[in-house]
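S.K.: Following this message is one structure expressed as structure tokens.
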Amino acid sequence: MALDECKNLKNIISSEAKKRGGRAIYPILDSTEITFFEGKNMESFENIYFNNEKYAPDGWMYCYRENGFLCYLPEEPNNVFSNLNPYNSFLPFDAIQGLLDDISDPYRVKSGSKNRKILITVEGNTSFDALQTFKEFLSQNFLVKKSFLHRLEDNMFTFMVTTDSDSDDLVEVMLTDNLLTLSSKSSEEIIFQSVN
């Protein structure tokens, strides 16, 4: 039964890591390392980072089975040689999400403005298909928190967008698929020209 529970836990951790572009590695312990774990309680596992020299991970966590699984993160998540914090436990899903957040934090787009509103206008092809395509594009854009159609006229439509990013980041992402060109940009509105 414990082996099945371990297998399920590994599947959860691997699946969540894969969803966010990571890969989970499960260490293979030699006989000396195995004896380190035998008959110990959680408080004695503070320095279990010794496996990190072998695997050189970006981050690590330790899961311990008693009545169920609880997982523990190091005191300094971005330091792979940091001691474990045995007094701060998480459910497995929460632990892997927290670890992935810590690992990815330096690569996230950051901005000082929160829930900023900006108008994004597209001029040119404003057919119903073009409008629907752009609406879907906004809904899948990781910089856009919310959006709604603000204005619709001949040869032009405008969406009101809520974002934590600045206009430069939005422009960069919007131009990646080569369907738009930039006409003008201010802190309140970005205007694109449709290529089609």
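Here, each number is a calculation from the coordinates, and none is a lab measurement. This one's a predicted model, so the numbers in the text were calculated from it and none came from an experiment. Note that we place each Cβ from the backbone using ideal geometry, even for glycine, and neighbour counts take in every protein chain shown.
S.K.: Out of (1) 1.02; (2) 1.07; (3) 1.46, which label holds the value of Cα Rg over 2.2 N^0.38 Å that was computed here?
M.R.: The value matching this structure is (3).
S.K.: Given a Förster distance of 25 Å, report the FRET efficiency between residue 11 and residue 139 from their Cβ-Cβ distance, rounded to the nearest 0.05.
M.R.: Between residue 11 and residue 139 the formula returns 0.25.
S.K.: If you don't mind, there's one more thing I want to ask. Let me check I've understood the local charge: for residue 18, count other residues with C-beta under 15 angstrom from its C-beta, Lys and Arg +1, Asp and Glu -1. What total comes out?
M.R.: That works out to +2.
S.K.: In addition: With a cut-off of 8 Å between alpha carbons and a minimum separation of six or more residues, what is the relative contact order of region 116-194 in percent?
M.R.: Here the relative contact order equals 40 percent.
S.K.: State the cysteines of the chain left without a partner when partners are defined as other cysteines whose beta carbon lies under 4.7 Å away.
M.R.: 6
S.K.: If each residue's Cβ is checked for other Cβ atoms within 10 Å, how do 26, 87 rank with the fewest at the top?
M.R.: Ordered from fewest to most neighbouring Cβ atoms within 10 Å, 26, 87 come out as 87, 26.
S.K.: Then there is this: Need one word for region 116-194: rounded, prolate or oblate. Basis is the Cα gyration tensor (sqrt eigenvalues a ≥ b ≥ c); a/c below 1.5 gives rounded, then a/b vs b/c decides.
M.R.: Rounded shape, in that the Cα axes give a/c under 1.5.
S.K.: Compute the signed sum of charges (Lys and Arg +1, Asp and Glu -1) over the other residues within less than 15 Å, Cβ to Cβ, of residue 4.
M.R.: Surrounding charge for residue 4 is +2.
S.K.: Something else now. Quick check: net charge around residue 139, other residues with Cβ under 11 Å of its Cβ, Lys/Arg +1 and Asp/Glu -1?
M.R.: Net local charge, residue 139 excluded: +2.
S.K.: Still on this model: Keeping to pairs on different chains or 8 or more places apart, tell me how many lysine pairs in the chain have Cα atoms under 16 Å apart.
M.R.: The number of close lysine pairs in the chain is 10.
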